[in-house]
Structure formats: C-alpha cells, structure tokens
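Have a look at the structure below before the remarks.
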Amino acid sequence: MMRLGSAPDSWGVWFADDPKQVPWERFLDELTEVGYRWTELGPFGYLPSDVDVLRLELSARGLGVAAGFVKFDLEAPGVWEVVEREIEDTCAFVRALGGGYLVIIDELYTDEASGAERYSASLSDEEWHRLVDATERVNEVARRHDLRPVFHPHAETHVEYESQIERLLDDVDGLELCFDVGHHAYCGGDAVGFFTRHFDRIPYLHLKSVDANLRARVHDLGLSFATAVAEGVFVEPALGVVDFVALRDVIVEKGYTGYAIVEQDMYPADPDRPLPIARRTYEYLTGLGFG
C-alpha cells in the first residue's frame, strides 16, 4: 500500500520564515487532525531545526518524516562549493528524523515571491551539463547518508517539460523522480501517461491538480508561476484536470508502494483556508484508495 502524506506547502508555506504563513505548531496540529501520518520537512528552518525538539514534536503527534528537499541553481557555475555543506547537513537532518528520501529541485528561473525573471528559461549545452553534474553530486551525498534521492521536475525550472525530464533521465545514470502530477499538468503534460511509461523510475509522488481555465489564462497572458499560484491555479484533486481515478488504477496495476504526498501549492494563503481543503482532499483520496 502506498503511504499517503502531506507537506507544509499545502498549508501555504514556501519560506523558512514569513509572517504570511501559519505557525509550524498549527501546521503540525492540523495535519494530524486531518488524518495524515506522513509529512515532508518543507523549507529548512520552518519546522524546528533542533533535531531532538522536532523528533519529539513529530512523535507526540504520531507523524513520520517522508523526505526533506534541497533547491538551488543546479546549472550555476561554481554552485557546488557553495551548497555542498548545506546538502550534507540537510541529509544528516532528514536521516536523523527517520526520513528515507531527499527531493532535489532546480531553483526557479523566476523569483519565487515576485515572479520576476532571474535566469534564462533555456540552458546552453554547457549549462545543462553543469545541471547534470550537480544532480549526480547530490545523488552521491544522499546515498552516502542512506537516503534515496529523487529529482522533482518543477514548473518554471529548467526541468519542467516532458522532453527535459526524459533528457535528464537519459543523462543521469539511475536517476529516479519525485513526480509531481500537478506540475506536470501545469506544464501541459499527461501525468497519468508519463507515470505509466516511467513507473520504474518513480518511487515518490506529489499529488495536486490544476484548474484548466486558469492554466489557459496563465499561458495566454504569460503570467509567472508565483502569480498563477496566488490566483489559485492549483486546485483540490477532485476539481482539476488530473485524472486521479486513472492514476489510482495504474498505481494498483503496477503495485506502487511508494509515498504519495499531497502538496497543493498555495501562497500566500489565509490561515483558515488550508484545513478545510486538506480535509476534503484526504477524504477524496482515501475514498479512491490512496493510502
């Protein structure tokens, strides 16, 4: 059986410290109240950074850690020397909490808060090779800490479209994915079809969906990812374009037993908004047989 969980992102948490976000205690309390038993750590520093404190807080609520993540410009010159220590520390922290996965994300080429362009949307061959090299280095560190590294193709990064994802799968030996069905749909892909084709490279899922009309508006107007999220482009699984019944059927057929983490992008979010959404989402997904 797959392991269903959620993450700080579904409570509107994008940054380690931001007054627009719910306090971490409220996030953990509401996550538990809904019925989830697995979580991701979110941006480092949002949850307590003292491993003993956080372990007690999670244990008191019956929560386990699925994964942590690292996110940086994988293609930037000299980036490894800047981020290596952070990656080592993150891996050690996740492992100390019993987590099994490290999610790897290329930093957005737009500013996550303002949507302003900060990097070209396309890479030269040289930049792509640097991205591949950095990904391989992160994989090595994660495995040394007994974590399973999974690469997260993400909207408005340099690995967002199916062709880019498949190129990376070809270029990085043994690469596995944290496959986000909502981001895949946001970028115009067929999430169920891609999962079916690449099932053997996907041990970890992120579950969310997209409003088709809002996504079309985003495309037509050239709106940034940050603006699209603020306008509500990501919606509850029951309301969007991703076919969760078909996804469930493929999961059953293939015998998928990995994590399925609900991660409905919403930022900023009114503090009272996430809990009702999380309840409805949990009931919908468990009703379909997820978890």
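We did not get these values from a lab; they are worked out from the coordinates using the rules stated. Computed from a predicted structure; not experimentally measured. Don't worry about glycine lacking a Cβ; one is built from the backbone with ideal geometry, like all the others, and counts go over all protein chains shown.
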The chain - mean residue ellipticity at 222 nm from DSSP helices (-39,500 (n - 2.57) per run, n ≥ 4, rounded to 500): -13000 deg cm²/dmol
Long-range amide H partners of residue 207 with built H, under 5 Å: 261, 262, 263
Sequence-separation-based contact order of the chain, relative, with Cα cut under 8 Å and 6+ spacing, percent: 23
Amide H partners (placed H, <5 Å) of residue 151, local residues excluded: 104, 176, 177, 178
Fraction of beta bridges assigned by DSSP in the stretch 3-288 that are antiparallel (%, nearest 5): 10
Karplus-derived HN-Hα couplings along the stretch 59-69 (A = 6.51, B = -1.76, C = 1.60, θ = phi - 60°), whole Hz, x at Gly and Pro: 4, 4, 9, x, 9, x, 9, 8, 6, x, 9
Most to least packed among 121-134, 38-51 [average Cβ atoms within 10 Å]: 38-51, 121-134
Net +/- balance of residues flanking residue 286 in space, Cβ distance below 15 Å, scoring K and R +1, D and E -1: +2
Under 29 Å from residue 20, Cα to Cα: lysines that are on another chain or at least 8 residues apart: 71, 208
Distant-in-sequence amide H partners of residue 64 (H built 1.01 Å from N, under 5 Å): 38, 39
Relative contact order, percent, the stretch 1-75 [alpha-carbon distance under 8 Å, six or more residues apart]: 35
Separation between Cα centres of the stretch 108-168 and the stretch 14-69, rounded to whole Å: 25
Estimated vicinal HN-Hα couplings, Hz - the stretch 87-101 in sequence order (Karplus 6.51, -1.76, 1.60; Gly, Pro = x): 5, 4, 5, 5, 4, 4, 5, 4, 5, 5, 8, x, x, x, 10
